[in-house]
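Student: Pasting in a structure now, in structure tokens, and then I'll have a few things to ask.
Just so you know, all these numbers are worked out from the coordinates, no wet-lab data involved. No experiment lies behind these values; they were computed from the predicted model shown. Cβ atoms come from the backbone with ideal geometry, glycine included; neighbour counts cover every protein chain shown.
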Amino acid sequence: MEGIVMVKSTLKALAMLALVVFVLEHVSIAAVLSAMVYGIGAMVCLTTGAVMLLLKFGSH
């Protein structure tokens, strides 16, 4: 009887661990994606700003 309880608790612990790893992996993927989106947005803003400056000072 005790052996079955041990197996059940071990399986429960493994399931919890798998769930935590799964969540962490997906959270990190989401974090990487959002960082990429913010990075691309920042690059677009910088490029646009540089083009605006070039047009402003280039016209003189």
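Student: What does the extension gain come out to for S34 and L55, with contour length at 0.36 nm per residue minus their alpha carbon separation?
Tutor: On the way: separation 21, 0.36 × 21 = 7.56 nm, distance 3.13 nm.
The S34-L55 span can extend by a further 4.4 nm.
Student: Quick one: helix 2-58 against the long Cα principal axis of the chain, what's the angle to the nearest 10°, folded into 0 to 90?
Tutor: Relative to the chain, helix 2-58 is tipped by roughly 0 degrees.
Student: Using only DSSP helix segments of four residues or longer, with each worth -39500 (n - 2.57), what per-residue ellipticity at 222 nm results for the chain after dividing by its residue count and rounding to 500? Could you put the intermediate results ahead of the total?
Tutor: Working: 1 runs with 57 residues, N = 60.
Taken over the chain, the calculation gives -36000 deg cm²/dmol.
Student: At M1 and T48, where each label point lies 7 Å from the Cα along Cα→Cβ, what is the point-to-point distance in nanometres?
Tutor: Here the modelled spin labels are 7.1 nm apart.
Student: Which entry is the computed Kirkwood radius over Cα pairs in Å for this structure: (1) 15.9; (2) 13.1; (3) 12.1?
Tutor: (1)
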